[in-house]
Amino acid sequence: MAQQEDVFKKIVAHAKEYGFVFQSSEIYDGLSAVYDYGQNGVELKNNIKRYWWEAMTLLHENIVGIDSAIFMHPTIWKASGHVDAFNDPLIDNRDSKKRYRADVLIEDHLAKFDEKINKEVEKAAKRFGESFDREMFCSTNARVADLVSRRDAVHDRFAKAMNDNDLNELRQIIIDEEIVDPISGTKNWTDVRQFNLMFRTEMGSTADGAMNVYLRPETAQGIFVNYLNVQKTGRMRIPFGIAQIGKAFRNEIVARQFIFRMREFEQMEMQFFVRPGEEMKWFAYWKEWRMRWHKALGLGDEKYRYHDHDKLAHYANAATDIEFLMPFGFKEVEGIHSRTDFDLSQHEKYSGKKIQYFDPELNANYTPYVIETSIGVDRMFLSVFASSYEEQKLEGGDSRVVLHLPAALAPVKCAVMPLVKKDGLPELARDIVNDLKFDFATRYDEKDSIGKRYRRQDAIGTPFCITVDHQSLEDGTVTLRHRDSMEQERVKIADLHTIIHGQVSLNALLRKLN
Ligand code: ATP
């Protein structure tokens with residue numbers, strides 16, 4: 001664990017040192033859980049957004065995009081349930097004076113049971129070797145059976161307490177399970193209280209004329225309230241989807257783990273409108289398709305898993321998370337939710353406008369059902385960044401830090417370097433940059449030794465380095481160095497474009513999804 005924390009610290013430091021992520025307002029000592037993206041970070045982030053946007057809107061002819069405002073009529077948040085129910089259950093430890101989410105404390109406690117169970121199973125698997133029967137072992141080993149039954153009991157109590165919104169019971173679970181504060185190590189807990197996560201501000205200039213408005217805590221409502229506009233003006237037929245990328249704001253109380261939990265973050269959400277009764281079919285479709293989108297990046301299939309929800313929001317009839325193996329364990333990156341007709345019906349009720357669809361095939365009106373896919377850009381960024389980071393020992397005692405970013409997402413695709421700063425090499429290198437820059441993010445670098453220049457590009461994940469030497473002047477070839485293998489090959493300048501394009505284009509990545 002300590003080792004994992006160490007790696008995570010290094011990843012955070014690397015993100016800063018190489019211009020990916022900075023603490024917001026750093027020269028004023030920072031603003032908690034708010035971050036800025038630097039010169040390389042913004043490129044990686046934009047590439048992630050493009051991958052999502054194009055996968056949604058280009059590959060599905062029945063999905064269109066919108067860009068709705070952050071401020072919306074406050075009644076929208078009443079209708080959506082956020083004013084009354086967008087709360088976190090909080091608990092304070094009287095000794096450390098720290099505040100925690102009660103549900104997260106219990107979830108972490110449950111994860112410890114799973115860790116213990118897995119350890120036992122792994123130990124046994126080693127002992128029994130080939131003949132190991134996992135299921136048999138789990139059902140017959142007394143220690144494992146005991147752990148499983150204790151975990152299930154806590155889990156059931158927890159799921160019920162969350163569903164019933166029973167704050168006393170949440171506290172009681174923490175007491176009964178003897179959960180301690182990770183800082184003070186004590187069990188001196190306060191009551192559990194609800195805390196609304198929406199940021200509120202005022203719109204308008206005069207005190208009595210001002211209206212309370214919220215910074216949106218999700219982008220989805222901007223889609224629901226535009227459902228009629230898009231359906232009518234786009235002549236959309238069900239099933240169809242509306243996609244949106246934009247900022248969302250939540251006054252998270254327990255804000256830690258770098259850009260995993262932020263107060264200002266970005267979401268990529270898609271609401272897919274379907275016939276009532278067909279929602280489970282589409283839920284299954286999106287569950288599979290979104291996982292395919294993740295896995296196509298090649299970060300390692302074993303790093304993903306689904307986590308089906310026990311606690312369904314009152315409007316949902318199915319929900320699952322796609323979790324990714326972060327340096328601090330499997331964590332939610334994306335949620336896929338079957339939201340029934342809850343949102344559209346609520347907006348119909350609160351706005352007094354009819355929000356229905358006339359289905360020409362059925363010759364009937366209905367309120368569409370909705371499947372939502374909702375992913376955080378920043379969490380996606382963290383999963384790509386953290387899993388790409390590697391400290392490599394090289395032959396001869398040397399070492400390097402390399403970011404194995406998926407080439408289509410890398411901020412810089414290729415760097416062109418004259419071996420020396422004379423003899424016409426810089427001029428030829430510049431010519432190559434001037435040709436490649438129209439298609440790829442290309443950098444020119446002539447400073448320091450060639451080895452140091454390679455390391456700099458490795459550290460920001462540049463897939464290709466192109467070195468121009470004296471031979472280049474004679475025969476029109478250069479050295480092409482590959483980031484991951486560090487292999488170098490001699491290629492014609494005229495072939496560079498095709499070779500690079502084959503590896504770094506978003507197009508190739510999107511084609512994997514078809
Ligand atoms: P969590 O349980 O971690 O608080 P959530 O279930 O509230 O997340 P959703 O409301 O389903 O999250 O939001 C959809 C996605 O938005 C999440 O999967 C996540 O990627 C992203 N997201 C939510 N809250 C934050 C945050 N505070 N910082 C960064 N990303 C977030």
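The values are calculated or read from the model by the stated rules, or taken from the named source; none is laboratory data. These numbers were taken from a predicted model, which means no experiment stands behind them. Because the Cβ atoms are built from the backbone with ideal geometry, glycine has one as well, and the counts that use them run over all protein chains shown. Side chains are part of the model used for accessible areas, which takes the heavy atoms of the whole protein and leaves out ligands, DNA and RNA. Shrake-Rupley method; radii C 1.70, N 1.55, O 1.52, S 1.80 Å.
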Scanning the stretch 360-381 for residues that are surrounded by fewer than 23 Cβ atoms within 10 Å (Cβ to Cβ) and of a type in the set (Ser, Thr, Tyr), the one farthest from the ligand (Cβ to nearest atom) turns out to be Tyr366
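Out of Gln231, Gln271, which single residue is at pLDDT 95 or above, outside any helix (DSSP H, G or I) and buried (at least 18 other Cβ atoms within 10 Å of the Cβ)?
Numbers: Gln231 fails: outside any helix (DSSP H, G or I).
Gln271 is the lone residue from the list that is at pLDDT 95 or above, outside any helix (DSSP H, G or I) and buried (at least 18 other Cβ atoms within 10 Å of the Cβ).
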Determine which member of the set Ser472, Ser485 is touching a Ser or Thr at 6+ places or on another chain (Cβ under 9 Å), open to solvent by less than 80 Å² (accessible area, probe 1.4 Å) and not in a strand (DSSP E or B).
Ser472
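Would you confirm whether any residue within the stretch 413-421 is over 20 Å from Arg456 (Cβ atoms) and open to solvent by 40 Å² or more (accessible area, probe 1.4 Å)?
no
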Is it true that some residue in the stretch 193-207 is more than 15 Å from the ligand (Cβ to nearest atom) and surrounded by 18 or more Cβ atoms within 10 Å (Cβ to Cβ)?
no
Can you work out which of the residues in the stretch 315-339 that are more than 14 Å from the ligand (Cβ to nearest atom) and at pLDDT below 95 is farthest from Asn87 (Cα to Cα)?
Pro327
All but one of (1) out of contact with any Leu (no Cβ under 7 Å at 6 or more places or on another chain); (2) among the basic types (Lys, Arg); (3) away from the ligand (no atom under 13 Å from the Cβ) hold for Arg292, so report the exception by its number.
(1)
Within the bounds of the stretch 420-442, is there any residue that is among the aliphatic types (A, V, I, L, M), within 16 Å of the ligand (Cβ to nearest atom) and not in a strand (DSSP E or B)?
no
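Can you tell me which residues in the stretch 258-276 are more than 9 Å from the ligand (Cβ to nearest atom) and of a type in the set (A, V, I, L, M)? Give the derivation first.
Residues of the stretch 258-276 that are more than 9 Å from the ligand (Cβ to nearest atom), as a first pass: 258, 270-276.
Scanning the stretch 258-276 gives Met270, Val274.
Restricting to the stretch 237-257, give me the number of residues that are out of contact with any strand residue (DSSP E or B) (no Cβ under 7 Å at 6 or more places or on another chain) and more than 10 Å from the ligand (Cβ to nearest atom).
Looking only at the stretch 237-257, we keep the residues that are out of contact with any strand residue (DSSP E or B) (no Cβ under 7 Å at 6 or more places or on another chain), and these are 237, 250-252, 255-257.
The next check asks that each one be more than 10 Å from the ligand (Cβ to nearest atom); those that pass are 237, 256.
Counting residues in the stretch 237-257 that are out of contact with any strand residue (DSSP E or B) (no Cβ under 7 Å at 6 or more places or on another chain) and more than 10 Å from the ligand (Cβ to nearest atom) gives 2.
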Of (1) of a type outside the set (Lys, Arg); (2) within 16 Å of the ligand (Cβ to nearest atom); (3) not assigned by TED's automatic domain parsing to the domain that holds Val230, Phe385 satisfies every one except (3)
Name the helices (runs of 4 or more DSSP H) wholly within the stretch 1-120 that hold at least 1 residues that are open to solvent by less than 20 Å² (accessible area, probe 1.4 Å) and within 26 Å of Trp293 (Cβ to Cβ)?
2-17, 41-57
Which members of the stretch 121-157 meet the condition of being charged (D, E, K, R) and loosely packed, with under 10 Cβ neighbours inside 10 Å?
Lys126, Arg127, Glu130, Glu135
What number of residues in the stretch 382-404 are part of a strand (DSSP E or B) and open to solvent by 40 Å² or more (accessible area, probe 1.4 Å)?
5
What are the residues in the stretch 217-230 that are within 12 Å of the ligand (Cβ to nearest atom) and touching a Gly at 6+ places or on another chain (Cβ under 8 Å), if any?
Thr219
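Here are Val83, Val64: which of them is of a type in the set (Val, Ile, Thr) and modelled with pLDDT under 95? Explain how you work it out, then say what you get.
On the way: Val64 fails: modelled with pLDDT under 95.
After ruling out the rest, the residue left standing is Val83.
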Yes or no: the stretch 443-450 includes at least one residue that is polar (S, T, N, Q) and either closer than 24 Å to Gly19 by Cβ or not in a helix (DSSP H, G or I) (or both).
yes
Based on what the data block shows, is Tyr454 within 23 Å of the chain's Cα centre (by Cα) and open to solvent by 10 Å² or more (accessible area, probe 1.4 Å)?
no
Pairs needed: first member in the stretch 295-314, under 18 Å from Lys512 (Cβ atoms); second member anywhere, modelled with pLDDT under 95 and exposed (fewer than 11 other Cβ atoms within 10 Å of the Cβ); C-beta distance under 6 Å; at least 6 residues apart or different chains.
none
Before we move on, is Met162 at pLDDT below 90 and touching a strand residue (DSSP E or B) at 6+ places or on another chain (Cβ under 9 Å)?
yes
Flagged pairs (Cβ under 8 angstrom, 6 or more apart or on separate chains; first in the stretch 319-343, of a type in the set (Lys, Arg); second surrounded by fewer than 20 Cβ atoms within 10 Å (Cβ to Cβ) and assigned to a strand (DSSP E or B)) are Lys331/Glu323
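Restricting attention to the stretch 425-435, which residues are touching a His at 6+ places or on another chain (Cβ under 9 Å) and open to solvent by less than 70 Å² (accessible area, probe 1.4 Å)? Can you show your working first?
Let us first name the residues in the stretch 425-435 that are touching a His at 6+ places or on another chain (Cβ under 9 Å), namely 425, 435.
Listed by number, the list holds a single entry, Leu425.
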Can we say Lys49 is in contact (Cβ under 8 Å) with a residue 40 or more places away in the chain and closer than 21 Å to Phe330 by Cα?
no
